[in-house]
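Have a look at the structure below, then the notes.
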Amino acid sequence: MDVVEFGPMTDEYRHALEGDEFDPFDVAGVTLHFRAKERHVGLRDASGQLVASTGMVLTDVDVDGERFPVVGLGGVIVSATHRGRGLGRRVVEEALATAQRLGPRFAILFCHEDRAGLYRKLGFVEIPDDVWVQQPVGHAPMTQRTMWISLHSPSTWPPGEVIVRSLPF
């Protein structure tokens, strides 16, 4: 597999990854608005087909009154025909390597509970405090798990309520 970096998700890449899946991110019924990712890390197979991707954004968070930048990860996907081969893990690891070069001390992500195990194995830790995300009409509670990982050791996530200063990713 070749690692590639690219900007926003194109329709061509989205189709290669999602195929005909109805709801690959299990977001049917989720009422939060999400932001598009500005950059992506992907994996291409031997034929050059994009088979996995993770999106990234830079944003600020406030934790107990302290504001600092984070790398937000989201939109992790492996094409249905390539699942079960460890590519989700690999594409997140590659994205974390890229995130380390961007500067912030932490990366965060939002995920469904049934997917949190993968992120725990990669070193992510759940944020136990309330997390609020920007929405078009103010802030709303994040209903998915919010997890963090240190990009530059040693760093520990501070305790306290979290306010994400952008739409979730």
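Bear in mind these aren't lab numbers, they're just calculated from the coordinates by the rules spelled out. Nothing here was measured: the structure is a model prediction, and the numbers come from that model. Reconstructed Cβ throughout: ideal geometry from the backbone, glycine too, with neighbour counts over all protein chains shown.
Taking the criterion of being touching a strand residue (DSSP E or B) at 6+ places or on another chain (Cβ under 6 Å) and not in a strand (DSSP E or B), the residues of segment 34-49 that qualify are Lys37, Glu38, Asp45. Checking Ala28, Ala36, Ala95 one by one, the residue that is among the hydrophobic types (A, V, I, L, M, F, W, C), loosely packed, with under 15 Cβ neighbours inside 10 Å and under 15 Å from the mean Cα position of the chain (by Cα) is Ala36 and no other.
When Gly65, Gly123, Gly86 are screened for being touching a residue at least 60 places away in the same chain (Cβ under 8 Å), small (Gly, Ala, Ser) and at positive phi, only Gly65 passes. Give the residue, chosen from Gly65, Gly72, Gly117, Gly86, that is small (Gly, Ala, Ser) and within 23 Å of Gly19 (Cα to Cα). Going through Gly65, Gly72, Gly117, Gly86 in turn, the sole match is Gly86. The residue list Leu167, Leu151 contains one member that is in contact (Cβ under 8 Å) with a residue 60 or more places away in the chain and under 13 Å from Leu109 (Cβ atoms), which is Leu151. Residues in segment 113-157 that are closer than 21 Å to Val92 by Cβ and assigned to a strand (DSSP E or B): Val125, Glu126, Val131, Val133, Arg145, Thr146, Met147, Trp148, Ile149, Ser150.
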